[in-house]
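Worksheet for the structure shown next.
Just so it is clear, none of the values below were taken in a lab; they were calculated from the coordinates. Quick caveat: nothing in here was measured; it's all calculated off a predicted structure. Every residue, glycine among them, receives a Cβ derived from its backbone with ideal geometry; neighbour counts consider all protein chains shown.
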Amino acid sequence: MIPTIFSDRTAPQVKVTLTVPSKTYRVVGNRIIGMVDGYDALEQSISHRLSTERFAYGIYGWAYGTMLQQYVGASLDYIRATIENTLQNSLMQDLRISSVRVTEVEQTDVDSCVISFNIHHYMGSPIETRLTINV
């Protein structure tokens, strides 16, 4: 039998479709109120990831949460240079999110600034988000 050699042009193409389950509990305040799915589940996931400091709670895995404590006492230039990478490392752990783009970093007070960013996902138009952090 003669082995068959595939070149790049004749290699068989395999299409992989990834289905990500998104049904979860709806959390309002500190209470579980029913279930949520789809776009609402994604928004809730984003909110929870942004409000949880990474490595602070043993119940969450090492990849869950956002490392925002590093910005306490930091200059606005440092925040502008690194915040997009910090948000990407946090949010893109969720397979439903394809990219995160920071649009504006604005200092609103002596000890706080607002980060405006867009979260691109496979369910439709980007989610425009504003996050206030203490610096």
Extension gain, residue 103 back to residue 23 (0.36 nm per residue minus Cα-Cα distance, nm)
25.8 nm
For residue 84 and residue 134, extending 7 Å from Cα along the Cα-Cβ vector and measuring point to point gives, in nm, a value of 2.8
Arrange the following residues from fewest to most other Cβ atoms within 10 Å of their Cβ: 40, 109, 94.
109, 40, 94
In which sequence would 51, 125 go, from the one with the fewest C-beta neighbours within 10 Å to the one with the most?
125, 51
How big is the Rg/Rh ratio for the range 21-97, C-alpha atoms only, Rh by Kirkwood, two decimals?
1.02
In Å, the C-alpha Rg and Dmax of the range 56-135 are 13.2, 38
Alpha-carbon gyration tensor eigenvalues x 5, square-rooted, for the chain, Å:
35, 22, 15
